[in-house]
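I have placed the structure first, in the form of structure tokens, so that the comments after it can refer back to it.
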Amino acid sequence: MSWSDARLRANRTRRARLAATTALLAVGALAAPGATQAASGVTYYAAPGGSGDCSSVAAACSLSTALNDAGNNAGGDNVTIDLAAGTYTGATTIPNGGSEASLTLAGSEVSATILNGAGATTLKVNATSQSLVVTLADLTLENGSSGSGSGGNLDVTGGATVDALDDAFVAGSSGSVAVTSGALQVRDSTITGSSGAPAVVDDSGAAAAVYGSTITGNSGGGLVVDAGGAQLTLGADLLGTNNGADCATPSGTISDAGYNYSDDATCPGTGTSHNAQTNLPVGALASNGGGTQTESVTPASAAYDVIPAGATVGSGPFCSGADQRGEPRAQGPAGACSAGAYQYAPPVVTGVSPTASVEPGLPVTLTGYGLLDVTSADFGSTAATITSETAGSLSLEVPLSLALGSQPITLTNPDGHTVVSFSAVANPTVGTSLLPPGQYEVAYSQALAVSGGGGPYTYSLTSGSLPVGLTLASSGVVSGTPTRAGGAAFGVTVTDANGVSSPGFTVSLVIATPVISIDSARIKLNGSSLAVMLSCAGAPCRGIASLTEPAKTRVNGKIKVIAVVLASARYSLTSGQRDTVTLVLTPTGRHALKHVKQHSRKETLTATAAAATTETSTVLVS
């Protein structure tokens, strides 16, 4: 995934950031007198080599044409010139006489938009209107020179107010930024590599301010105020490795807004600013994300995460904003942030949901901080798709091609990477096709097995029915007491904690049939009782054994043969048991068998296993 994709998903639009510019200027010393809030907005589009009418990206014009059209705008509009990425070579001037209410030069937030002065002043703001606010956003101003003056990359010479936001001022050969007439504010920007004069020169009677910026490696020094009554305010800045004083005041004053860190003792300091710091290393100027190059810092820097959450620098809470790249300054639970233009923010993961192993194709959400600009996410060695991204939350789709097993997630952004454990599993499947057999009228309980997925699991009956007397619980346990013998097949689906359901699966269960056998061919009457031998197989046998003989009776005028019970008894045998059951004569039996000792009789012996099976045998009673 590209940095551009990440920034687009984060929805940090330039319009949203620049909307606060006028309000920021209006509450502080840089307020532009008479600035109107009622003007409407209009946008012109420019590109290197553009020759269109400035009306759209496809019809982009040159920067000089766009500036001319903006100056000729008769509606008093808030004008934005949207500059396509690329290099604009040569001196550029914002001339006097424009009628626009405000003017914004906005570069790309994700690719370099470079104004290259090629030895002349890169950008001169010559507008004299004190009500005009000129905003420079996401621009690199480089290789400029103002000759014998100062401000090779940016020279504010008219009366306008200039707000530079998220910019890089690089290799100005007459210093880099100067204000000689008008007001200037530099925010979240990098000024480096200038020579011939200090990096920032305030030679104006109006106010100037530098907030949250990095000013390093300038051979002519850092900041200088050289005008009577001029005042330059510093806040949350990082100054170091400048060949000369970080701060100088031949005349005028430099005010401390707090949380500045410098490597010499020349800048003003309060209880929250620190001079003469020896551990302020910065990385080389490089593309670390965003539309401009930056100088990175690490936790080794004395300026790292030293500004408390809620601390006010300039017009509001400093840590609630973003650094030069657009990275949120507040990182981590404490919410502290760093001085300078760069907030070191490798991704940190504090939670993974679902916490269980997850099937390929499902979403995984990681929470933490430093997640807004993750440039790549990998499961093991397999790249994943980022579906949503904020500073505190990142959602990924588990690749369908991911191999099962341990596949740690690696998140990478321009500041580093982090690894969290993860395991990919197969979709859930019911792992039981044939349950152990049950027994008639015997309590039964058996859990269905499952493979794949992540628990806990939920089971449901999707087809067929269980044996009578049994139920399937959502936990996957088949239980109850069977009240009918025989087999059953029923469909089961299991759904895991991730919401993934298995295909329908058929489970078979047999409730064993009790088999009762009569082992007696001859039985002997003993008083009023008869002893018979029964055998049980298959399942417990419980029921009634009875001795009967046929008899004729008239029912509704018709002769009907019925079985008359001569003797009976309830019995209970376990499966595999062979035992004697004593039948007791009924009154009818006593009458019918009173002469049996003299004359043996053939009778019918029946044993019924609780209506499940019946065994009938002809026996000789003697």
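Extending 7 Å from the Cα toward the beta-carbon at both residue 51 and residue 287 defines two label points whose distance is 2.8 nm. The simple Förster model, with R0 at 60 Å and r as the Cβ-Cβ distance, assigns residue 401 and residue 517 a FRET efficiency of 0.45.
Stretching residue 570 away from residue 312 to a fully extended chain increases their span by 83.6 nm, per 0.36 nm per residue minus the current alpha-carbon distance. Using θ = phi - 60° in the Karplus curve 6.51 cos²θ - 1.76 cosθ + 1.60, the 3J(HN,Hα) couplings for region 145-153 round to 8, 9, x, 7, x, 9, x, x, 9 Hz; x is entered for Gly and Pro. Taking 0.36 nm per residue of sequence separation and removing the Cα-Cα distance, the residue 604/residue 148 pair yields an extension gain of 150.8 nm. Listed by chain and number, the lysines whose C-alpha is less than 19 Å from the C-alpha of residue 524, apart from same-chain residues fewer than 8 away, are 594, 597, 602. Counting only Cα atoms, the size of the chain along its three principal axes is 150, 53, 39 Å, in decreasing order. Distance from the Cα centroid of region 104-160 to that of region 401-470 is 63 Å (rounded to whole angstrom). Taking amide H positions as modeled 1.01 Å from N, with prolines and chain starts lacking one, the residues under 5 Å from residue 450 and 5 or more places away or on another chain are 431.
In region 94-180, the convex hull through the Cα atoms has an average projected area of 5.1 nm², a quarter of its surface area. Applying 1/(1 + (r/R0)^6) with R0 = 35 Å to the Cβ-Cβ distance of residue 588 and residue 481 gives a FRET efficiency near 0.45.
Grab the alpha carbons of region 261-395, take their convex hull, and tell me the volume per residue in Å³.
Numbers: hull volume 18.7 nm³, N = 135.
Taking only Cα atoms, region 261-395 has a hull volume of 138 Å³ per residue.
Note on residue 68 and residue 353: with the Förster distance fixed at 56 Å, the Cβ-Cβ geometry gives a FRET efficiency of about 0.55.
Cα centroids of region 217-259 and region 331-390: how far apart, whole angstrom? Using only Cα atoms to place each centre, the spacing works out to 38 Å.
Remark: spin-label model distance residue 622-residue 85 equals 11.2 nm, labels positioned 7 Å along the Cα→Cβ axis.
With both labels modelled 7 Å from their Cα along Cα-to-Cβ, the residue 276 to residue 577 distance reads 10.0 nm.
Backbone phi angles across region 483-497, fed through the Karplus curve with coefficients 6.51, -1.76 and 1.60 (θ = phi - 60°), yield HN-Hα couplings of 10, 8, 7, x, x, 8, 10, 9, x, 10, 10, 10, 10, 8, 5 Hz in residue order; Gly and Pro are listed as x.
So for region 520-603, considering every pair of alpha-carbon atoms, how many percent are separated by more than 21 Å? Numbers along the way, then the final one.
On the way: 1367 of 3486 pairs.
Of all Cα-Cα pairs in region 520-603, 39 percent lie more than 21 Å apart.
Cα extents for region 348-424 along the principal axes, largest to smallest and rounded to whole angstrom: 29, 21, 19.
Every number in this text was worked out from the coordinates using simple rules, so none of it is lab data. Owing to the predicted nature of the structure, the values given are computational and were not obtained by experimental measurement. Note that each Cβ is placed from the backbone with ideal geometry, even for glycine, and that neighbours are counted across all protein chains shown.
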